[in-house]
Each structure stands twice: as structure tokens, then as C-alpha cells.
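The values are calculated or read from the model by the stated rules, or taken from the named source; none is laboratory data. Everything quoted here is computed from the prediction, not taken from an experiment. All Cβ positions, glycine included, derive from the backbone under ideal geometry; neighbour counts span all protein chains shown. Heavy atoms of the whole protein, side chains included, go into the accessibility calculation; ligands, DNA and RNA do not. Shrake-Rupley method; radii C 1.70, N 1.55, O 1.52, S 1.80 Å.
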Amino acid sequence: MKIEAIETLRLGDHPNLVWVRVHTEEGLTGLGETYFGAGPSEVDIHDRIAPILLGQDASRIEFLNMKMQPYTGFTGSGAEVRALSAVDVALWDLAGKAAGKPLCDLLGGRTRDAIQVYNTCAGPNYVSKTSAVRPDNFGTASGAAGEKTYEDLEAFLHHPEDLAAALMEMGIFSMKIWPLDFAEGAADGLDISTQDLKKALGPFEKIRAAHGDRMRLKAELHGLWSLNAAKKIAAALEPLDMDWIEDPVWMDRTKEVAELARATSAPLAGGETLASLGQFEALINDGNIGTPILDVTWAGGVTAARKVAVLAEARSRPIAFHDCSGPVTLAVSTHLALSQRNVREQEIARGFYYAWYQDFVDQLPPIKDGMITVPDGPGLGLDLVPGLEKRADAIHRVSKV
């Protein structure tokens, strides 16, 4: 399978996303994606990666992943690694299509036919225009959330017990919310006032009061807090029986992660912004993280994700795959979740899934009764909707042999 062209596509209406397609002489095409830093990632794909890949055998994935590694030191999830990740996913999609098998069956077969989901409670416009993860870019709308739009961020702030009930009606019994982002102290993260802490606990408390322990609750802290503030927050959340506390501090500060893990009985999770085996090895072994989280399209693609899953399994840890980004990321994450033995559940953002994911791909991983599986078909089982490159807001580039 000789690579003859590398194609990228961005849309002005969704500026955080970039899709990549790898074309072969045999007429097969593999699809990949990455999120945040879409412009720089696109440039890197064409300026640095395309000259490496064009004319190469697309089936040599491990070799090509090695060749696409950026210069020594570029091991975080910056533009170079995100570009690599998108292309790696496309190469694995190609491999599945060439074999005539869904990707999960190519990765050793399915350990389960479907896996339960948890809902990240974002609305459809959450962090949609820039990559700034802060309240003024949360895309919230005034008023109550409606079932059609799934404005779940507004819902967890204003009527969390109703949101939990609606999720359970869909068969979803695990949810993640981030009311602490709205605390005044989150601006610098050094400390949190007693008043703000009590206010931020409100949504969790209302869900527990209304539904007991039927709903598994996850707290997202977005790495905003100092170690001392994170200890206060974790102590306050402990009585509410958290499923996990995510990114309580910066995940590359493994000594702080380990100290917080010793200080609280609440399970810790995190790592979606990390990349490289070394960073995840340190987070698991030195940071003693309960559940490492990896974004497949940020951290090196399928090739890297499989290896990090093994690192976690060696320490008897589950691994979780991040999705609050795009439809291809969800699809490849679901393939991995079905094939890897140490995955407990798959993240979705129903505000994305039901609002706009289907606008860009021809089919999605099906969700039914709170369980997700992979689309029918070889490889990822999906492709971009035809004609997207003809939209007025499209930025379309092709590099050829």
C-alpha cells in the first residue's frame, strides 16, 4: 500500500478540528483527526510529515510512527505530536480496510461487544471557537437545558438532579461535571475560599440527595489548582463518594499527584494532555494515578495508546480514553475500548454526539441503553461526509508524490 497523497481539511465553523486522509495507490483511504492547535497541526502534516510518508508503504505503521516522531524534546501533546497522532489513526484505519476487518478486531479482537459510557456534561458549543478551556469559552446559553440540544453544562449548574435523571433514563449512570471552574480562586488556583467550595459542592450534593448512589460522579478540575487547594477540594468531595477526581493538579507534576493521592481516599484520574511513554510511565508509577486518561488523537495515535494501556495493565490500573473533541476521536477510542482488557467505560459528550458529530461523518459509533459499540465496516467504520471540502468555510490541502 504505497502512500500517494496526504489530505487535510479544516472548517471555519469548527476551527479546533482538523481531519487528515492518507491516500494509497490502491485507492484505499485512511481517516484521522486531531483537535486544538488545528492550524499548526495542519502545517506540520504537510511541511514535515508528508515528505516522510509519501511513497512509503502504509502498512509499516510502527516504522512510520517512529519516523514521524518530532525532534528530541517534543514529547508533549503539542502540534507536532497531534499531527503525528492524526496520521497514525489514519494509518490504522487503512490497515483495517486492507484486512477487511474493523480496527478492534485487527487489534487482537474484542474483549466485549459494547462498553458503558459516561457523559461529560458539556453543551454543543463547549470550547468550540478556540482552545481556551475557561468559562468565557464554555459556550453556555441562558435558560434551562432542553432535551434536543443537551445543554448539559447549563444543566449541571442550575438543575443537576434533573440532568442526572435524564441521563439515567438513557441508561447512562456515570457523569462528569466541573462546577469548581467557576470559583473565584480558579483564576490563579492558589487557594479556594470556604464559600466558593461550599457553592461548588452544590451540584454534587443535589444529585446525591435526589438519586443516592445510583449515579457515579466524576469531578473535573482541569488542572487549575495548587496542591494545597487540591487537597482542600479533595477532602470536601470525599464524603460524596467520587468515582474519580480528574486532573486536580497539572499531571506532569508527578510528585504533587503522588502527594495528593496519599492525602485523599478519593480516586484520582488524569493525563489526557500528556504524551510519550515516559510521561505516562511517570504518572502511573511515580504519580500513582488511579486511572490514567489518554487522548488517542493527542498522544501518538493508536500505536502509542496500546502501549500506554499495557503500562497501566502492568500496574493493575484501568485506562480511559478521552473524547470531548470530534467524531473520529470517539470512533478510534471506542475501537480501543473494545479491544483493550483494562477499560471500564468510554467517555462521550452527548452535547457533541447528538448535536454535530453526525454532520461530518457518515455514521457514528452506535449508543443504546448507555452502551457504545463500533460502527459497521472495516477500519474505523466511518468516513467524512462527501463534499465537506467544497464548503465556503473549508480549508483544504493536498500533498502528493
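Roughly to the nearest percent, how much of the accessible area of the range 5-70 is carbon and sulfur, given a 1.4 Å probe? For the range 5-70, the apolar C and S fraction of the accessible surface comes to 50 percent. In the context of the full set of protein chains, the chain has a per residue accessible area of 39 Å² (1.4 Å probe). Relative to the longest principal axis of the Cα atoms of the chain, helix 227-237 runs at roughly 70 degrees. Computed about the Cα centre, the dipole magnitude for the range 5-54 is approximately 100 debye when only Lys and Arg (+1) and Asp and Glu (-1) carry charge, each at its Cβ. For the options Leu283, Leu54, Leu274, a Gaussian network treatment of the chain with springs between C-alpha atoms closer than 10 Å singles out Leu54 as fluctuating the most. Determine the shape class of the range 1-139: with a ≥ b ≥ c the square roots of the Cα gyration tensor eigenvalues, call it rounded for a/c under 1.5, and otherwise prolate if a/b is greater than b/c, oblate otherwise. In terms of gyration-tensor shape, oblate. Directionally averaged projected area (the range 176-215, Cα convex hull): 3.0 nm².
Near Thr140: Cβ cut-off under 11 Å, other residues only, Lys/Arg at +1 and Asp/Glu at -1. The net charge is -4.
Here the Gaussian network model covers the chain, with springs between Cα atoms less than 10 Å apart; of Asp57, Asp136, Asp243, Asp136 fluctuates the most. All alpha carbon pair distances within the chain were sorted into 20 Å bins beginning at 0; the resulting P(r) in whole percents reads 29, 59, 12, 0. Using the average count of surrounding beta-carbon atoms within 10 Å as a protection proxy, the listed peptides 361-371, 300-310 rank, highest first, as 300-310, 361-371. When the chain is treated as a Gaussian network with alpha carbon springs shorter than 10 Å, the biggest mean-square fluctuation among Ala337, Ala263, Ala95 belongs to Ala263. Measuring between alpha carbons in the structure, the pairs from Lys206/Lys232; Lys199/Lys368; Lys307/Lys390; Lys67/Lys218; Lys101/Lys400 lying more than 30 angstrom apart are Lys199/Lys368; Lys307/Lys390; Lys67/Lys218. Working from Cα pairs under 8 Å separated by at least six residues, relative contact order for the range 1-151 is 23 percent.
Counting only alpha carbon atoms, the long axis of helix 194-211 and the longest principal axis of the chain meet at about 80°.
With a ≥ b ≥ c the root eigenvalues of the C-alpha gyration tensor of the range 71-182, is it rounded (a/c under 1.5), prolate (a/b larger than b/c) or oblate? Oblate is the answer for the range 71-182, as a/c is 1.5 or above yet b/c matches or exceeds a/b.
Across the accessible surface of the range 184-254, with the other protein chains kept in place and a 1.4 Å probe, carbon and sulfur atoms take up 49 percent.
Could you tell me how many degrees, from 0 to 90 and to the nearest 10, lie between the Cα long axis of helix 301-314 and the main elongation axis, the longest principal axis, of the Cα atoms of the chain? That helix lies at roughly 50 degrees to the long axis.
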